[in-house]
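A.B. asks: Have a look at this one before I ask anything.
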Amino acid sequence: RMTRRFLAIAATLIALAWLPVAGHAAPPESFAPVVEPLMPAVVNISTSQKIAAQQMMPMFDFEGLPDNPQTRQFKQLFKQFGMGGQQAPEREVTSLGSGFVISPEGYVVTNNHVVGNADKITVIFHDNSRLPATIVGRDPKTDLALLKVKSDKKLASVNFGDSDALRIGDWVIAVGNPFGLGGSVSAGIVSARGR
């Protein structure tokens, strides 16, 4: 008897939990209608930077060792693995990130850490076309950077929303292309403001 009463209460609570709250919209069936028109404005940012050659400090001091074939072979082995104090060669460092076009004239927003001190920045669009970009401005504190590309055509872009109208509990969608594999999408809710 007690078990039946408990099951009836539990079933009622579960049913009530699924009822939409009066005056509030039900969750969307799909985010596709919102995402599809945004995808052409989402871009991948590819950067490269040359790191200058620098003298490496020797990890081992070979002073005092006798000069014989075994010692010379030992020194050569350490130099081969970069531990003998020789000059490190110049190298190119690359990185990838995500961004989005905010103006049909070619302004692109990305993260400051993505462009860093890059020597070369390339914006890769949804259709896999590529354009070189220059940095217009950047702010390390907010980790934002503004890039500019020159295009013969108007670019697909996103519109800014009104952040003052955003409420805790509202649906939000994150769209990006950080690894150059095509757009990725995730959804969630606003958990807090001003963070």
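Taken together, the values in this text are just the output of simple stated rules run on the coordinates, not laboratory data. This one's a predicted model, so the numbers in the text were calculated from it and none came from an experiment. Glycine gets a Cβ as well: all are built from the backbone with ideal geometry, and neighbour counts include every protein chain shown.
A.B. asks: Using a 7 Å offset from the Cα along the Cα-to-Cβ direction at both residue 122 and residue 142, what is the distance between the two label points in nm, to one decimal?
C.D. replies: 3.0 nm
A.B. asks: Could you calculate the FRET efficiency of residue 166 with residue 50 from 1/(1 + (r/R0)^6), where r is the beta carbon distance between them and R0 is 30 Å, rounded to 0.05?
C.D. replies: Working: r = 42 Å, r/R0 = 1.39.
Step by step, r from the Cβ atoms, then E = 0.10.
A.B. asks: Given 151, 117, 98, which one lies farthest toward the positive end of the charge dipole of the stretch 84-183, if we put +1 on the Cβ of every Lys and Arg and -1 on the Cβ of every Asp and Glu?
C.D. replies: Checking the options against the dipole of the stretch 84-183, the answer is 151.
A.B. asks: May I ask for the equivalent-ellipsoid semi-axes of the stretch 83-195, computed as the square root of five times each C-alpha gyration tensor eigenvalue and listed largest first in whole Å? Let's see the in-between values first.
C.D. replies: Working: eigenvalues 184, 81, 41 Å².
Computed over the stretch 83-195, the values are 30, 20, 14 Å.
A.B. asks: Debye calculation, C-alpha points only, no solvent: report log10 I(q)/I(0) for the stretch 130-195 at q = 0.12 Å⁻¹, in the same order as the q values.
C.D. replies: For the stretch 130-195 at q = 0.12 Å⁻¹, log10 I(q)/I(0) is -0.51.
A.B. asks: Out of the chymotrypsin sites (Phe, Trp or Tyr not before Pro) in the stretch 137-195, which ones are loop residues according to DSSP with at most 10 other C-beta atoms within 10 Å?
C.D. replies: Details: sites: 160, 171, 179; in loops: 160, 179.
Answer by residue number: 160.
A.B. asks: Could you give the length gained by full extension between residue 190 and residue 68, i.e. 0.36 nm per residue of separation minus their alpha carbon distance, to one decimal place?
C.D. replies: Values: separation 122, 0.36 × 122 = 43.92 nm, distance 7.06 nm.
Computed gain between residue 190 and residue 68 is 36.9 nm.
A.B. asks: Same structure, new question: If a paramagnetic tag sat 7 Å from the Cα of residue 158 along the Cα-Cβ line, which residues of the stretch 178-195 would have the backbone N under 16 Å from that point?
C.D. replies: Inside the label zone: 178-180, 182-190.
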